[in-house]
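Engineer: Have a look at the structure that comes next, please.
The values are calculated or read from the model by the stated rules, or taken from the named source; none is laboratory data. These numbers come from a predicted model, not from an experiment. When we count neighbours, we look across all protein chains shown, and the Cβ atoms used for this are built from the backbone with ideal geometry, even at glycine.
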Amino acid sequence: MEFVLDSHAWLEYFAGNQKYRDYIEGPEVLPFTVSITLTEVIRSLLRKSKTAREIEAAVGFISSKSIILPVEKENAVAAGFIAEKEGLHFSDALIYSFANPERKVVTGDPHFRKLPNAEFVA
């Protein structure tokens, strides 16, 4: 099974939440991270007064532990429909646009809780 890690998963991992450890450190196949997730992680770290060096290290770690997926036109279009249908924020809808039955979004964000291609980590 393939996984897309959202910003909630990365931020929880950085905060020491062991529930995300196997998704990040354990898989034989690297998980995916949508490029917009980097934006969300950086914003959150800045709000926590992290230094430029700490943020650079976090981005480097994410890049080394996952495959960064660029946002393409197809995902942007799909995200618009997903956002409207599911009531998601555009960034969550964009991340979810990369999910499918073989690729789950791993998250603890309650907005994803009832979505079929999300693996909710409580």
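Engineer: Here is a check on your reading of the model: is Ile55 surrounded by 12 or more Cβ atoms within 10 Å (Cβ to Cβ), closer than 23 Å to Ala99 by Cα and out of contact with any Gly (no Cβ under 9 Å at 6 or more places or on another chain)?
Structural biologist: no
Engineer: Looking at the range 70-82, is at least one residue over 15 Å from Leu11 (Cα atoms) and assigned to a strand (DSSP E or B)? Break it down into steps so the answer makes sense when it comes.
Structural biologist: Residues of the range 70-82 that are over 15 Å from Leu11 (Cα atoms), as a first pass: 70-82.
Next cut, assigned to a strand (DSSP E or B) only: none.
Among the residues of the range 70-82, not one is over 15 Å from Leu11 (Cα atoms) and assigned to a strand (DSSP E or B), which makes the answer no.
Engineer: Run down Ser49, Ser35, Ser66 and say which single residue is surrounded by 15 or more Cβ atoms within 10 Å (Cβ to Cβ) and among the small types (Gly, Ala, Ser). Please lay out each step first, then the result.
Structural biologist: Numbers: Ser49 fails: surrounded by 15 or more Cβ atoms within 10 Å (Cβ to Cβ); Ser35 fails: surrounded by 15 or more Cβ atoms within 10 Å (Cβ to Cβ).
None of the other options fit; the residue is Ser66.
Engineer: Moving on. Which condition number does Val41 fail, the rest of (1) crowded, with 17+ Cβ neighbours inside 10 Å; (2) within 15 Å of Glu119 (Cβ to Cβ); (3) not hydroxyl-bearing (Ser, Thr, Tyr) being met?
Structural biologist: (2)
Engineer: Taking the condition surrounded by 15 or more Cβ atoms within 10 Å (Cβ to Cβ), touching a Gly at 6+ places or on another chain (Cβ under 6 Å) and closer than 23 Å to Met1 by Cα, does Val121 pass?
Structural biologist: yes
Engineer: Filter the range 101-118 down to the residues that are free of Cβ contacts under 8 Å to residues at least 24 places away in the same chain and loosely packed, with under 11 Cβ neighbours inside 10 Å and list them by number.
Structural biologist: Pro101, Pro110, Lys114, Pro116 - these are the residues of the range 101-118 that are free of Cβ contacts under 8 Å to residues at least 24 places away in the same chain and loosely packed, with under 11 Cβ neighbours inside 10 Å.
Engineer: In addition: Would you confirm whether or not the range 51-58 contains a residue that is assigned to a loop (DSSP other than H, G, I, E, B), farther than 20 Å from Asp109 by Cα and modelled with pLDDT of 95 or more?
Structural biologist: So far as the range 51-58 goes, yes, one or more of its residues are assigned to a loop (DSSP other than H, G, I, E, B), farther than 20 Å from Asp109 by Cα and modelled with pLDDT of 95 or more.
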